[in-house]
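Following: one structure in structure tokens, then a few remarks.
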Amino acid sequence: MSTSASPQLAVKELEFLRKAIKKRQIPTPITKLSLKSVGKEQLFERLGALAELDRDAALAAIEAALAGGSDAEVPPPQSPAAQMVWTGPDVYMSEARKTTAIVLALLGSAQEEVVIAGYEFDYGRVLFEPLHEAMKDRGVRASIFLDVRPAPSVNTKMDSYLALQAHKFIKQNWPFGAPVPDLFYFPEGARHGSRASLHAKCIIVDRRHVVIGSANFTQRGHSRNLEVGVCIEDPNLAGTLTRQFQQLVEAGHLVPLPAPAAPSVRPPEELATEESEDETPERSELDALADELLVAGEMRPFFLRLMREGLPAPLVGEDIEALGGHVLGSAELSWSGPRVAVLLPEQEGGRKALEGADWTCFSLPEANEAFDVLRELIERAE
């Protein structure tokens, strides 16, 4: 808002606002409702640029206006105002906005282009619905950069493995049908044995708005965890960040995932009658992966359950070594990060040594019965 369009505020009004903002009687940016709560609703139409500022910028602007003398105008903001983005317990008179509300509003406002980067995704069915509408109604282009976990074996056929990851992402996060976003991954992180990952979490809308924060695109990140971030309108930052991703693609550091087919959107009654047909592609791909990794027959149903739940693929049939290099025991399925193992009966002899080295071990019946516990152990380490 330009200075010339800003009405003037009297010195006493400015002093009142300064005091109320300092005491947090009025949250910022200032709204008509917050002024009404302190009996000053009539000031709202004369705030001008002051209504757009956060707490620190508003206090600075008021001080500058008071220093300028009686009935001085409030100057416009000199730099973009940032909003705190928050997942967690509510705080009295907080100026933060909820993570989910910010994401839904920004994605729904997109007119041309959206770039998203994230480490974990399982809440897309909620978060990405307005983006799908924007793509369908306004032709918005969307690119999503996501982390692909390391391939489970040096012998993994990467084309099949990557196609499976794309299929799982769309199935879990994009139930809306066409159009679908362009998907990209970080090849270095997908390499077997890699300790690298795509851990960035940001949204860029129309090269103007940017959200950067700690929250993943997960239900935990939007409803259960304590997460913090920032939302800022800054074309320079947004443009720079967009170009950064584009240049990484051009240099081959970020690579397109095989394009998954958009899921067909059908009425619930049709889905109920065709459930087995819909599950066939996923079951076929997962069975192929189980064959490739040589998963033991009795462990296969549990392995398929893990994969359908979207958990990271385990190592299969590994000898687990201590720091000194000697073998503690073998596990049919194992995750080295959280130190979790699922053992076949013939591998139970190594359980005591593994548990002595801080591994959490399950027999197959135990793993099935305590599936939620096993999932939490794995996800917590991720």
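Each reported figure results from applying straightforward, stated rules to the coordinates on display, with no laboratory input. From a predicted model like this one, the values you see are computed outputs, not experimental measurements. Note that each Cβ is placed from the backbone with ideal geometry, even for glycine, and that neighbours are counted across all protein chains shown.
Stretching the chain fully between Ser109 and Gln42 yields a gain of 21.1 nm (0.36 nm per residue, less the alpha carbon separation). Summary value for the chain: 13 percent relative contact order, contacts being C-alpha pairs under 8 angstrom separated by 6+ residues. Per-residue Cβ neighbour counts within 10 Å put Asp287, Asp358 in the sequence Asp358, Asp287, beginning with the fewest. Gain in length, Arg149 to Asp319, computed as 0.36 nm per residue apart minus the alpha-carbon separation, to one decimal in nm? Stretched fully, the Arg149-Asp319 segment lengthens by 59.1 nm.
In the chain, the sites counted are trypsin sites (Lys or Arg not before Pro) in DSSP loop states with at most 12 other Cβ atoms within 10 Å, and the longest stretch holding none of them, exclusive of the sites, is 196-382.
Beyond 29 Å in Cα-Cα separation lie the following of the pairs Lys32/Lys201; Lys40/Lys98; Lys136/Lys171: Lys32/Lys201.
Identify, among Ala322, Ala296, Gly39, the residue whose Cα sits farthest towards the positive end of the charge dipole of the chain, taking +1 on the Cβ of Lys and Arg and -1 on the Cβ of Asp and Glu, with the dipole about the Cα centre. After comparing all options, I get Gly39.
Which GluC sites (Glu not before Pro) does the range 285-328 hold that lie in a coil by DSSP with at most 16 other beta carbons within 10 Å? Answer in residue order: Glu309.
Charge dipole of the range 86-256 (Cα centre as origin; +1 on each Lys and Arg Cβ, -1 on each Asp and Glu Cβ, all else neutral): 460 debye, rounded to the nearest 20. Dividing the summed helix terms, -39500 (n - 2.57) for each DSSP H run of n ≥ 4, by the number of residues in the chain produces a 222 nm estimate of -11500 deg cm²/dmol to the nearest 500. If one takes the longest principal axis of the Cα atoms in the chain, at what angle in degrees, from 0 to 90 and to the nearest 10, does the Cα axis of helix 371-381 lie? Long axis of 371-381 versus the principal axis of the chain: about 60 degrees. Using alpha carbons only, how many degrees (0 to 90, rounded to 10) separate the axis of helix 235-250 from the longest principal axis of the chain? Roughly 20 degrees, rounded to the nearest 10. Spin-label model, Glu309/Glu355: points 7 Å from Cα along the beta carbon direction are separated by 2.1 nm. Taken about its Cα centre, the chain carries a charge dipole of roughly 1740 debye when the Cβ of each Lys and Arg holds +1 and the Cβ of each Asp and Glu holds -1. May I ask you to sort Cys202, Cys231 by Cβ crowding, counting other Cβ atoms within 10 Å and putting the fewest first? In order of increasing Cβ crowding within 10 Å: Cys202, Cys231.
Helix 275-293 and the longest principal axis of the Cα set of the chain meet at an angle near 60°. Each Lys or Arg adds one and each Asp or Glu takes one away; over the other residues whose Cβ falls under 14 Å from the Cβ of Glu292, this sums to -2.
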